[in-house]
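Let me begin by presenting the structure, written as structure tokens, before commenting on it.
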Amino acid sequence: MEENGGRTRYFVLAYDSEALVVLSLSGHNHDFTGAVLTLTWRAQEYRGRPAVTVRLFAATDLPDLLARHAELFERLEFPEG
């Protein structure tokens, strides 16, 4: 059995689709409600920036998320700091 019991974890990603820069990536473990609230909050936060995309993902863990969406994450840059 997997470390997390095979349960789905949720992640919220906000990124600039023109500059291809990650603005935020948050993990919410098994808390779907918390992930949806963060998704809503981020969408409101970036509402005035049409180039910003906010997405909700489900995966078993972070490496699984990166593997499932490799094409997207290979293009994105994470800010330093």
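Looking at this structure, is Leu39 within 17 Å of Phe73 (Cβ to Cβ) and modelled with pLDDT of 95 or more?
Spelling it out, it is not the case that Leu39 is within 17 Å of Phe73 (Cβ to Cβ) and modelled with pLDDT of 95 or more.
Suppose the filter is outside any helix (DSSP H, G or I), surrounded by fewer than 14 Cβ atoms within 10 Å (Cβ to Cβ) and either in contact (Cβ under 8 Å) with a residue 24 or more places away in the chain or out of contact with any strand residue (DSSP E or B) (no Cβ under 9 Å at 6 or more places or on another chain) (or both); does Glu71 pass it?
Against the criterion (outside any helix (DSSP H, G or I), surrounded by fewer than 14 Cβ atoms within 10 Å (Cβ to Cβ) and either in contact (Cβ under 8 Å) with a residue 24 or more places away in the chain or out of contact with any strand residue (DSSP E or B) (no Cβ under 9 Å at 6 or more places or on another chain) (or both)), Glu71 does not qualify.
Only one residue in Thr40, Thr53 is exposed (fewer than 14 other Cβ atoms within 10 Å of the Cβ), among the β-branched types (Val, Ile, Thr) and either free of Cβ contacts under 8 Å to residues at least 60 places away in the same chain or out of contact with any Pro (no Cβ under 8 Å at 6 or more places or on another chain) (or both), so which one is that?
Working: Thr53 fails: exposed (fewer than 14 other Cβ atoms within 10 Å of the Cβ).
None of the other options fit; the residue is Thr40.
Note down all Cβ pairs under 6 Å where the first residue falls in region 5-24 and is in contact (Cβ under 8 Å) with a residue 60 or more places away in the chain, the second is β-branched (Val, Ile, Thr), and they're at least six residues apart or on different chains.
Correct list of pairs: Tyr15/Val22; Tyr15/Thr53.
Please state which one of Leu65, Leu25 is in a strand (DSSP E or B) and surrounded by 11 or more Cβ atoms within 10 Å (Cβ to Cβ). Break it down into steps so the answer makes sense when it comes.
Values: Leu65 fails: in a strand (DSSP E or B).
The conditions single out Leu25.
Within region 28-54, count every residue that is of a type in the set (Ser, Thr, Tyr) and assigned to a helix (DSSP H, G or I).
Initially, region 28-54 is screened for residues of a type in the set (Ser, Thr, Tyr), giving 33, 38, 40, 46, 53.
Of the ones still in play, those that are also assigned to a helix (DSSP H, G or I) are 33, 38, 40.
Residues in region 28-54 being of a type in the set (Ser, Thr, Tyr) and assigned to a helix (DSSP H, G or I): 3 in total.
The values are calculated or read from the model by the stated rules, or taken from the named source; none is laboratory data. From a predicted model like this one, the values you see are computed outputs, not experimental measurements. Neighbour counts run over all protein chains shown; Cβ positions are idealised from the backbone, glycine included.
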